[in-house]
Amino acid sequence: MSMSASDFFRAKLQCEIDVMEVAESEPGSLVVVDTRRQSSWDHGHIPGAVHLPTAQIPALGRDLVPAGSHVVVYSWGPGCNGSTFAALAFAELGYSVKEMIGGIEYWIRNGLPVETAAGIVPSAPDALVTAHKS
């Protein structure tokens with residue numbers, strides 16, 4: 001049985017969230033999970049995110065993310081499907097999970113802050129990507 005286009009896109013929207021919706025979400029309503037490797041995390045990540053590389057989710061997901069949480073996973077950007085694998089892993093653990101489309105690349109391109117060892121640093125919005133004003 002094939003799925004209609006409207007059913008496909010309705011289902012897709014239930015599994016994805018964009019960076020601005022994550023940024024504007026009620027504090028504490030989402031557990032944002034960075035699924036990239038340690039060096040990428042160290043380079044910069046979303047403030048308040050949990051670091052849990054995709055391969056470690058089956059073993060550590062339940063220990064690091066409280067049951068019943070609304071999970072949002074991200075990886076580098078649209079050219080990387082690491083967050084898709086991570087979303088699948090969390091879904092298989094029984095979590096409500098969405099994939100943040102655009103990843104940290106579009107988080108940064110939308111002018112949102114990034115956390116590094118030096119603290120939280122602002123990003124300059126890319127006018128070709130967002131109308132968001134910092």
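The values are calculated or read from the model by the stated rules, or taken from the named source; none is laboratory data. It should be emphasised that the depicted structure is a prediction, and the values quoted were computed from it without experimental measurement. Here the Cβ is made from the backbone with ideal geometry for all residues, glycine too, and neighbour counts use every protein chain on show.
Quick rundown of the values:
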quantity	calculated
Residue selected from the range 26-53 under the condition of a type in the set (Asp, Glu) and not in a strand (DSSP E or B), by the criterion surrounded by the most Cβ atoms within 10 Å (Cβ to Cβ)	Asp42
Which numbered condition Pro78 fails, given (1) within 14 Å of the chain's Cα centre (by Cα); (2) at pLDDT 95 or above	(2)
Positions within the range 16-39 being in contact with a strand residue (DSSP E or B) (Cβ under 8 Å, 6 or more places away or on another chain), of a type outside the set (D, E, K, R) and within 14 Å of Gly103 (Cβ to Cβ), in sequence order	Ile17, Val19, Val22, Val32, Val33, Thr35
Single residue of Ala67, Ala86, Ala23 found to be out of contact with any helix residue (DSSP H, G or I) (no Cβ under 9 Å at 6 or more places or on another chain) and either surrounded by 11 or more Cβ atoms within 10 Å (Cβ to Cβ) or modelled with pLDDT of 95 or more (or both)	Ala67
Scope the range 37-54; condition touching a helix residue (DSSP H, G or I) at 6+ places or on another chain (Cβ under 7 Å) and over 23 Å from Asp126 (Cα atoms); matching residues	Val50, His51, Leu52, Thr54
Residue check for Ile101: modelled with pLDDT of 95 or more and crowded, with 20+ Cβ neighbours inside 10 Å	no
Given (1) in contact with a helix residue (DSSP H, G or I) (Cβ under 8 Å, 6 or more places away or on another chain); (2) surrounded by fewer than 18 Cβ atoms within 10 Å (Cβ to Cβ), number of the condition Leu13 does not satisfy	(1)
